[in-house]
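Okay, so here's the structure we're looking at.
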Amino acid sequence: MRKLLDAHMHLEFVPEPGAFVSALAESPLTVLAMGIRPGQACARMRDMRTQDHVIPGVGMHPWLISKNSITAAEYLEGLALMKTSPLIGEIGLDLGPRIVGTEPSESARVRARQLDAFDEIIGVCAERTRSEFADERCSNTSVHAQKSPAYTNSLAQAAESLPQAESLAYTKVLSIHCVRAGKELIRILDTHHAWDNCLCICHSFCGDGNSLHELCQRGAWFSVSEQMLATKKGRAYLKQLPLNQILLETDLPRRDGECSSIDTLIRSLTRTLDEIARIKGCTNEDAYQEIHKQQNVVLTILEGSKRF
């Protein structure tokens, strides 16, 4: 049975998360559970610590930052969690008029709020070196499993599918929301040299073609959903993306209480894979095998050992 990774889903919206996580153990699916606000992260990370098929992330969604609905205390708590968590998401920028508005002065304030927060988040994520992070993982076995002796070799083998693999030593995986903000996103990631130790994954990217090209050149990856590929622009983006920089995602459930079973996620990922193969002009098996390599890299970074 094919092993699948959902690189971006929302466990906090699942009506019965405990039952969902228990059922994951009997499935071929592993999920990266994205957070939208840091207040949810502590409990989720504690509850999910011993689970094999779900990895929780710490996030601050740009929509919530735009609404100023994350308190100052929660924001600082989120930054502290991001220093030690290997999975950061959902974070990012959404500078579309639906989020920032169209009234000039208010739009400028919302844009500044998002940009300032994203700049600070990336600064926190990028400041830690690989050795610092590895030392902490080894010493804090109550939170992270002890690294296997084969960790270094495992990471080196998994990194073979990464662009410029010889120069990369990733300590964090970032799942990044980007809507009409490609230039700003690149500027902030460049400023903090985030490419050096963060695997940056653009989640359902929605921006301009030039930014897409620049992100690809810098080594960004892209998690692709069937919702993205249902649009003409999304299919055009996919044609430009190298197959070895693509992951699968569902971005489900879309809202609190929406029922999305494990079978629903698997079917969505399978349809996305079919569409990727069709658009890229390759067989379904060839597309899966290439994406499978990326799945291994992500899980190696996050867990310190090969999962699949």
Inset, instruction - Please find the FRET efficiency linking ASN244 to ALA25, where r is the Cβ-Cβ separation and R0 is fixed at 25 Å, and quote it to the nearest 0.05. - result: 0.25
Inset, instruction - Would you work out what percent of the accessible area of region 163-308, with all protein chains in place, is carbon or sulfur (probe 1.4 Å)? - result: 48 percent
Legend entry - Computed magnitude of the charge dipole of region 1-127 (debye, nearest 20; Cβ of K, R +1, Cβ of D, E -1): 100 debye
Inset, instruction - Would you mind checking LYS233/LYS293; LYS83/LYS232; LYS183/LYS280; LYS67/LYS233 for any pair whose Cα atoms are more than 31 angstrom apart? - result: LYS83/LYS232
Legend entry - Calculated FRET efficiency for the pair ARG187/ASN68, C-beta based, R₀ 25 Å, to 0.05: 0.60
Inset, instruction - Please work out how much length the chain gains when fully extended from CYS282 to GLU106, using 0.36 nm per residue of separation minus the C-alpha to C-alpha distance, in nm with one decimal. - result: 58.6 nm
Inset, instruction - Return the sequence-ordered ³J(HN,Hα) values of region 215-225 in whole Hz as given by the Karplus equation 6.51 cos²θ - 1.76 cosθ + 1.60 applied to θ = phi - 60°, using x for Gly and Pro. - result: 5, 4, 5, 7, x, 5, 9, 9, 8, 10, 10
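The values are calculated or read from the model by the stated rules, or taken from the named source; none is laboratory data. These numbers were taken from a predicted model, which means no experiment stands behind them. We place every Cβ from the backbone using ideal geometry, glycine too, and count neighbours over all the protein chains shown. Accessible surface areas use protein heavy atoms only, side chains included; no ligands, DNA or RNA. Shrake-Rupley method; radii C 1.70, N 1.55, O 1.52, S 1.80 Å.
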